[in-house]
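Enquirer: Next up is a structure, given as structure tokens.
The values are calculated or read from the model by the stated rules, or taken from the named source; none is laboratory data. Please read these numbers as outputs of a predicted model, since none were measured by experiment. We place every Cβ from the backbone using ideal geometry, glycine too, and count neighbours over all the protein chains shown. The accessibility values were calculated without ligands, DNA or RNA, using every heavy atom of the protein model including side chains. Shrake-Rupley method; radii C 1.70, N 1.55, O 1.52, S 1.80 Å.
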Amino acid sequence: MYSRIAGTGKYLPERILTNAELEGMVDTTDEWIRTRTGIERRHIAAEGEYTSDLALHASRQAIEDAQLTPADIDLIVVGTTTPDLVFPNVACLVQQKLGVPPVPAFSLEAACSGFVYALGVADQFVRGGQAKRALVIGAETMSRIVDWSDRETCVLFGDGAGAVVLEATDEPGVIYSNLGADGNQADLLYAASGVSRKASQTDGFGMLRMKGNEVFRFAVKTLERMVDEVIAENGLEKGEIDWLVPHQANIRIIQATAKRLGMSMDRVILTVQDHGNTSAASVPMALDSAIRDGRIKRGDLLLLEAFGGGFTWGASLIRY
Ligand code: UT7
């Protein structure tokens with residue numbers, strides 16, 4: 001038993017925040033943001049619009065694309081680091097809003113790697129026979145934890161949601177997942193707001209904090225090592241992967257990973273310019289974009305990858 005992608009969806013909130021607008025908010029320039037990150041704009045959730053609302057839009061699209069109804073879904077897994085509430089978890093909120101019957105529904109926190117983690121977990125449920133049609137979501141409202149006075153981070157992040165429906169099948173599908181983490185680097189990227197540990201002034205009022213340059217170097221090194229493992233452990237030749245669907249944090253990190261894989265940038269799905277770093281939402285949104293515009297076709301071999309706070313990282317090799 002394997003799982004395959006039966007449908008995809010995505011949602012970006014209406015409000016667009018451009019680099020030019022950010023020039024009026026912090027000491028930055030459109031030129032700096034574009035050349036250092038590739039980002040041109042990001043979307044910001046409206047007041048009263050929460051992570052589960054973004055996830056709901058993306059999920060409706062994915063279920064429709066799979067030619068199913070919410071009643072067909074028998075598992076919901078959400079990767080998010082910006083849940084609406086402490087509990088109920090975002091998956092339960094989506095379940096209620098969609099009208100999915102009582103089935104297992106949970107969220108997991110792995111920051112920017114959240115979707116790749118969620119996909120790996122849902123795939124195990126399907127392979128184990130515990131689910132037949134899993135809704136897997138990456139959804140974030142990063143704008144709610146960004147410090148809008150910190151130019152080193154506020155230019156980077158945005159809000160969005162992506163979703164896929166995984167369906168049981170007898171041919172792969174999801175071929176292989178590679179998940180990893182290193183908690184020793186927690187102080188390089190964190191959001192110091194919590195429940196058990198309250199945010200304090202010295203923590204930075206619960207806002208996202210990042211030592212960008214060090215994270216950058218760790219991300220490039222880790223992703224290079226991970227894609228080497230994917231190639232080796234699956235007996236692949238470098239040219240065999242049709243599309244790289246990377247986490248969209250920084251175009252320069254993506255270029256480094258593509259180079260390691262020997263892939264030209266026209267085989268890489270790049271959406272960072274349109275929405276910045278949307279954490280767990282970025283991989284499923286990129287996937288959905290490239291399927292809908294016809295670049296990714298049935299039968300193509302895809303490599304999804306992500307790296308984020310924790311540190312966490314993950315890759316998923318998929319025959320679409
Ligand atoms: O999603 C999960 C993980 N996150 C990431 O993967 C993000 C990883 N990091 C990055 O993408 C990059 O490190 C950044 C985009 C955050 C920064 O790019 P960088 O090339 O590493 O720049 P830097 O941090 O070395 O800073 C270079 C200069 C500094 O000025 P000085 O010290 O050289 O005078 C910064 O103060 O750029 C300055 N700077 C800015 N200037 C204009 C930092 N932020 C800005 C800004 N506008 N927004």
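So that you can scan it fast, the table gives a plain yes or no per residue for (1) open to solvent by 20 Å² or more (accessible area, probe 1.4 Å); (2) under 16 Å from the mean Cα position of the chain (by Cα):
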residue	(1), (2)
GLY7	no, no
GLU21	yes, no
ASP27	yes, no
THR35	yes, no
THR51	no, yes
ARG60	yes, no
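Enquirer: Return the residue satisfying two criteria in turn: it lies in the stretch 153-178 and is β-branched (Val, Ile, Thr) and open to solvent by 20 Å² or more (accessible area, probe 1.4 Å), and of such residues it is nearest to the ligand (Cβ to nearest atom). First the steps, then the outcome.
Expert: Kept after step one, since they are β-branched (Val, Ile, Thr), are these residues of the stretch 153-178: 153, 155, 164-165, 169, 174-175.
Within this subset, residues satisfying the condition of being open to solvent by 20 Å² or more (accessible area, probe 1.4 Å) are 169, 175.
Working: THR169: 31, ILE175: 25 Å.
Of everything passing the filter in the stretch 153-178, ILE175 is nearest to the ligand (Cβ to nearest atom).
Enquirer: Among the residues of the stretch 212-227, is there at least one that is within 18 Å of the chain's Cα centre (by Cα), modelled with pLDDT of 95 or more, open to solvent by 60 Å² or more (accessible area, probe 1.4 Å) and farther than 24 Å from ILE137 by Cα?
Expert: First pass over the stretch 212-227, keeping only residues within 18 Å of the chain's Cα centre (by Cα): 215-216, 219-220, 222-223, 226-227.
Filter once more, keeping what is modelled with pLDDT of 95 or more: 215-216, 219-220, 222-223, 226-227.
Cutting the leftovers down to open to solvent by 60 Å² or more (accessible area, probe 1.4 Å) gives us none.
The answer is no, given that none of the residues of the stretch 212-227 is within 18 Å of the chain's Cα centre (by Cα), modelled with pLDDT of 95 or more, open to solvent by 60 Å² or more (accessible area, probe 1.4 Å) and farther than 24 Å from ILE137 by Cα.
One line per residue, one yes/no per condition, for (1) out of contact with any helix residue (DSSP H, G or I) (no Cβ under 8 Å at 6 or more places or on another chain); (2) within 13 Å of the ligand (Cβ to nearest atom); (3) closer than 13 Å to VAL155 by Cα; (4) outside any helix (DSSP H, G or I):
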{"residue": "PRO13", "(1), (2), (3), (4)": "no, no, no, yes"}
{"residue": "MET25", "(1), (2), (3), (4)": "no, yes, yes, yes"}
{"residue": "THR28", "(1), (2), (3), (4)": "no, yes, yes, yes"}
{"residue": "HIS43", "(1), (2), (3), (4)": "no, no, yes, yes"}
{"residue": "ALA46", "(1), (2), (3), (4)": "yes, no, no, yes"}
{"residue": "GLU49", "(1), (2), (3), (4)": "yes, no, no, yes"}
{"residue": "SER52", "(1), (2), (3), (4)": "no, no, no, no"}
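Enquirer: Please indicate, with yes or no, whether at least one residue in the stretch 71-81 is within 16 Å of the ligand (Cβ to nearest atom), more than 21 Å from ARG4 (Cα to Cα) and surrounded by 22 or more Cβ atoms within 10 Å (Cβ to Cβ). Working first, answer last.
Expert: Within the stretch 71-81, the first condition is being within 16 Å of the ligand (Cβ to nearest atom), and the residues that meet it are 79-81.
From what is left, the residues that are more than 21 Å from ARG4 (Cα to Cα) are 80-81.
Okay, now just the ones that are also surrounded by 22 or more Cβ atoms within 10 Å (Cβ to Cβ), so 80-81.
Yes - at least one qualifying residue is present in the stretch 71-81.
Enquirer: Going through the stretch 93-117 one residue at a time, which ones are of a type outside the set (D, E, K, R) and part of a helix (DSSP H, G or I)? Steps first, please.
Expert: Quick first cut of the stretch 93-117, residues of a type outside the set (D, E, K, R) only: 93-96, 98-108, 110-117.
Selection gives LEU93, VAL94, GLN95, GLN96, LEU98, ALA111, CYS112, SER113, GLY114, PHE115, VAL116, TYR117.
Enquirer: Follow-up question, since we're still on this one. So if I check each of ALA134, ALA122, which one is open to solvent by less than 10 Å² (accessible area, probe 1.4 Å), more than 16 Å from the chain's Cα centre (by Cα), away from the ligand (no atom under 16 Å from the Cβ) and under 18 Å from LYS10 (Cβ atoms)? Working first, answer last.
Expert: Numbers: ALA122 fails: more than 16 Å from the chain's Cα centre (by Cα).
Residue meeting the stated conditions: ALA134.
Enquirer: Then there is this: Among the candidates VAL126, VAL136, VAL78, which residue alone is more than 30 Å from LEU189 (Cα to Cα) and of a type in the set (Val, Ile, Thr)? Steps first, answer last, please.
Expert: On the way: VAL136 fails: more than 30 Å from LEU189 (Cα to Cα); VAL78 fails: more than 30 Å from LEU189 (Cα to Cα).
The unique qualifying residue is VAL126.
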